[in-house]
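> Once you've had a glance at the structure underneath, I'll fire off some questions.
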Amino acid sequence: MRYAVLVTGPAGAGKSTFSTAFATHLRMARRTAHTVNLDPAATGDAFEYEPAIDIRELVTLEDVMTEMGMGPNGGLVYCFEYLLQNMDWLEDELGGYDEDYLIIDCPGQIELYTHHPFLPILARNLQRMGIRTCAAYLIDSQFMEDRYKFFSGVLSAMSAMVNLEIPWINIMSKMDLVSPAPSSEGASEPRNGRRTRRDISRYLDPDPLLLATARDGRVENGRFHDLNRALVQLIEDHPLVSFLPLDLTSTESLEVVVSHIDFTMQYGEDEEPKEPNDLDEGDFPEAE
């Protein structure tokens with residue numbers, strides 16, 4: 001059985017960094033993992049490991065913008081249309097990987113996840129090839145600096161989940177930039193500020209009341225109160241989104257995220273048990 005994780009999310013969420021750390025963790029656990037780059041705009045220094053499969057071998061955003069006269073957004077859409085027209089290329093590239101874990105690093109254009117059919121079609125093609133597929137959606141912890149920005153991230157995650165229709169987890173990345181601990185004397189302040197554990201939990205399991213009230217409990221933005229109330233009702237009626245905190249400076253944090261991805265895809269459920277080595281039949285020649 002082959003497995004694929006679509007690493008998705010807005011630009012700057014840490015998708016490539018997470019993909020590299022994810023692959024390193026699996027390799028250290030003696031699991032076979034390969035990174036796949038589906039970002040035609042990626043630069044050469046974006047990856048610590050050379051991707052096993054790279055869309056830039058098929059089409060690059062730079063070439064499309066130069067030859068077709070398109071802007072970056074239209075160029076990305078064209079690149080994915082071209083990929084879907086050449087799925088036999090991707091199928092041939094994937095054909096050499098059996099019983100492997102594929103970590104697919106996707107571009108940061110939100111429209112690809114929420115509006116266009118490209119990634120849902122790609123996910124269905126991966127499943128048709130017998131690859132068990134799930135997605136991880138990352139948003140940056142800096143979204144907690146602004147409640148309205150945070151809830152736009154929640155709604156984009158919800159929209160992408162509904163659009164792709166595959167097993168899914170949401171991840172709050174760069175949690176090392178947020179500290180739940182009180183500031184110690186002489187310690188530098190985290191970029192995204194210090195928050196109580198209770199405050200952080202209201203973002204990891206989104207509390208719609210954050211959108212409806214100000215910090216002191218007063219209703220704010222009366223002009224948009226009805227809209228905010230409608231969004232609160234939508235999130236309460238469809239509580240699909242919650243986030244796993246990811247701190248890449250903590251091995252334990254990464255292990256928790258990897259275990260959730262494994263569980264989401266039911267990793268290893270269909271694997272046949274391996275026969276134990278037999279000392280009498282010479283399976284351990286170095287011990288003879």
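> Kindly list the number of the only condition in (1) touching a helix residue (DSSP H, G or I) at 6+ places or on another chain (Cβ under 7 Å); (2) open to solvent by less than 10 Å² (accessible area, probe 1.4 Å); (3) aliphatic (A, V, I, L, M) that fails for residue 177.
Exception for residue 177: condition (2).
> Continuing with this model, one more query. If you go through the range 139-153, how many residues are within 16 Å of residue 10 (Cα to Cα), touching a helix residue (DSSP H, G or I) at 6+ places or on another chain (Cβ under 7 Å) and buried (at least 16 other Cβ atoms within 10 Å of the Cβ)?
Adding up the residues that qualify gives 7.
> Looking at the range 96-118 only, could you name the residues that are open to solvent by less than 50 Å² (accessible area, probe 1.4 Å) and within 27 Å of residue 30 (Cβ to Cβ)?
Within the range 96-118, 97, 100, 101, 102, 103, 104, 105, 106 meet the criteria.
> I would also like to ask the following. Got a sec? Which helices (runs of 4 or more DSSP H) wholly within the range 7-88 have at least 2 residues that are under 26 Å from residue 168 (Cβ atoms) and open to solvent by 40 Å² or more (accessible area, probe 1.4 Å)?
Result: 15-28, 72-85.
> Please go through the range 69-117 and give me each residue that is in contact with a Ser or Thr (Cβ under 9 Å, 6 or more places away or on another chain) and at positive phi, ordered by number.
Listed by number, the list holds a single entry, 99.
> Touching a strand residue (DSSP E or B) at 6+ places or on another chain (Cβ under 9 Å), at pLDDT 60 or above, hydroxyl-bearing (Ser, Thr, Tyr) and closer than 19 Å to residue 103 by Cα: is that true of residue 259 in this structure?
Answer is no for this residue.
> Return the pairs, sorted by first residue and then second, in which the second residue is hydroxyl-bearing (Ser, Thr, Tyr) and not in a strand (DSSP E or B), the first residue lies in the range 34-60 and is in the same structural domain as residue 92 (by the TED database), the beta carbons are less than 6 Å apart, and the residues are 6+ apart or on different chains.
35/19; 35/49; 40/60; 46/16; 48/20; 59/82
> Filter the range 131-164 for residues that are at pLDDT below 90 and not in a helix (DSSP H, G or I) and give the result.
Hit for the range 131-164 is 146, nothing else.
> Return yes when residue 238 is closer than 17 Å to residue 151 by Cβ, open to solvent by 40 Å² or more (accessible area, probe 1.4 Å) and at pLDDT below 75 and no when it is not. I'd like the intermediate steps shown before the answer.
On the way: closer than 17 Å to residue 151 by Cβ: yes; open to solvent by 40 Å² or more (accessible area, probe 1.4 Å): yes; at pLDDT below 75: no.
When the stated conditions are applied, residue 238 does not pass them.
The values are calculated or read from the model by the stated rules, or taken from the named source; none is laboratory data. Bear in mind that the values here come from a model prediction, so they are computed numbers and not experimental data. Don't worry about glycine lacking a Cβ; one is built from the backbone with ideal geometry, like all the others, and counts go over all protein chains shown. These accessible areas exclude ligands, DNA and RNA; they are computed on the full protein's heavy atoms, side chains included. Shrake-Rupley method; radii C 1.70, N 1.55, O 1.52, S 1.80 Å.
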